[in-house]
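Peer 1: Starting off with a structure, shown below.
The values are calculated or read from the model by the stated rules, or taken from the named source; none is laboratory data. Since this is a predicted model, take the numbers as computed values, not measurements. Note: ideal-geometry Cβ built from the backbone for every residue, glycine included; neighbour counts use all protein chains shown.
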Amino acid sequence: MTIQEEVIEVLKNKAAKLFGVDPNTLGPETRFIDDLGCKSVNIVQFSAALEDEYELEVSYMELARKKTFQEAADYMASLIEG
């Protein structure tokens, strides 16, 4: 499993908890705002979940610029791989 795939799994599981959706209905193309209706507080929650999982600082503002789970996963891969 790639880092991006791992991150997408973390995001799917967090979205399932936050929004009560089936994680199996979510994927790389899932959009934070258009599909989930995320507010800024939800982006902070996603950021915190990623920080907890990977033990590194995740910029809320940078994460908020990402439209899809795939874009967020690519951002996280760039942080992890350095």
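Peer 1: Any chance you could count how many residues in the range 1-18 are assigned to a helix (DSSP H, G or I), of a type in the set (S, T, N, Q) and more than 15 Å from Leu63 (Cβ to Cβ)? Please lay out each step first, then the result.
Peer 2: Within the range 1-18, the subset assigned to a helix (DSSP H, G or I) is 3-18.
Checking which are of a type in the set (S, T, N, Q) leaves us with 4, 13.
Filter once more, so that each one left must be more than 15 Å from Leu63 (Cβ to Cβ): 13.
Number satisfying all stated conditions: 1.
Peer 1: Here is a further query. Residues to consider are Tyr60, Tyr54; find the one that is touching a helix residue (DSSP H, G or I) at 6+ places or on another chain (Cβ under 8 Å), modelled with pLDDT under 95 and under 24 Å from Thr2 (Cα atoms).
Peer 2: Result: Tyr60 is the single residue among Tyr60, Tyr54 that is touching a helix residue (DSSP H, G or I) at 6+ places or on another chain (Cβ under 8 Å), modelled with pLDDT under 95 and under 24 Å from Thr2 (Cα atoms).
Peer 1: Here is a follow-up. So Gly82 ticks every box in (1) buried (at least 16 other Cβ atoms within 10 Å of the Cβ); (2) within 16 Å of Ile3 (Cα to Cα) but one. Which box is left unticked?
Peer 2: Here Gly82 meets the rest and fails (1).
Peer 1: Restricted to the range 44-79, and to residues that are over 15 Å from Glu29 (Cα atoms) and of a type in the set (S, T, N, Q), which residue is surrounded by the most Cβ atoms within 10 Å (Cβ to Cβ)?
Peer 2: The selected residue is Ser47.
Peer 1: Sticking with this structure for a sec: Could you check the range 39-51 and list, in sequence order, the residues that are under 23 Å from Ala77 (Cβ atoms) and in contact with a helix residue (DSSP H, G or I) (Cβ under 8 Å, 6 or more places away or on another chain)?
Peer 2: Asn42, Ile43, Val44, Gln45, Phe46, Ser47, Ala49, Leu50, listed by residue number.
Peer 1: Quick check on my filter: what residues within the range 20-65 are in contact (Cβ under 8 Å) with a residue 40 or more places away in the chain, aliphatic (A, V, I, L, M) and outside any loop (DSSP other than H, G, I, E, B)?
Peer 2: Across the range 20-65, the qualifying residue is only Leu50.
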